[in-house]
Amino acid sequence: MDDTPQEITSLVGREVYTNNGVFVGEVEDLRLNVDGEAVTGLALGGLNYELFGDQVHGSRGVVVPYRWVRAVGDVILVTDVVERVKEPDEEQEEIVA
């Protein structure tokens, strides 16, 4: 039981990358479901503003759903869904141009 808090807190400070190798941000905090005793999200700061710049609007960070996490090691890998945040806008610009 003592190992669980250490494992959870060890996620803070780790860099997060997509499974395609694109830097997303750094874990600053965790979203927890206390009743279910599970991590439900990673609160990221130090964001890659090329991914989130237009969506963040001066906020300090974003919360990435934990279901996006694919691997945890020296860094955290998340699914490339994060990279697709910009695609609808890019597609719309291509149609308009």
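The values are calculated or read from the model by the stated rules, or taken from the named source; none is laboratory data. As the structure is a computational prediction, the values presented were derived from the model and not from experiment. Every residue, glycine among them, receives a Cβ derived from its backbone with ideal geometry; neighbour counts consider all protein chains shown.
With respect to Gly46, determine if the residue is modelled with pLDDT under 90, among the small types (Gly, Ala, Ser) and within 12 Å of the chain's Cα centre (by Cα).
Details: modelled with pLDDT under 90: yes; among the small types (Gly, Ala, Ser): yes; within 12 Å of the chain's Cα centre (by Cα): yes.
So Gly46 passes the test.
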Considering region 50-71, residues that are farther than 17 Å from Asn20 by Cβ and either among the basic types (Lys, Arg) or modelled with pLDDT of 90 or more (or both), and then whichever is farthest from the chain's Cα centre (by Cα), we arrive at Arg60
Condition set out of contact with any helix residue (DSSP H, G or I) (no Cβ under 9 Å at 6 or more places or on another chain) and among the polar types (S, T, N, Q), scope region 5-47, selection nearest to Pro65 (Cα to Cα): answer is Asn33
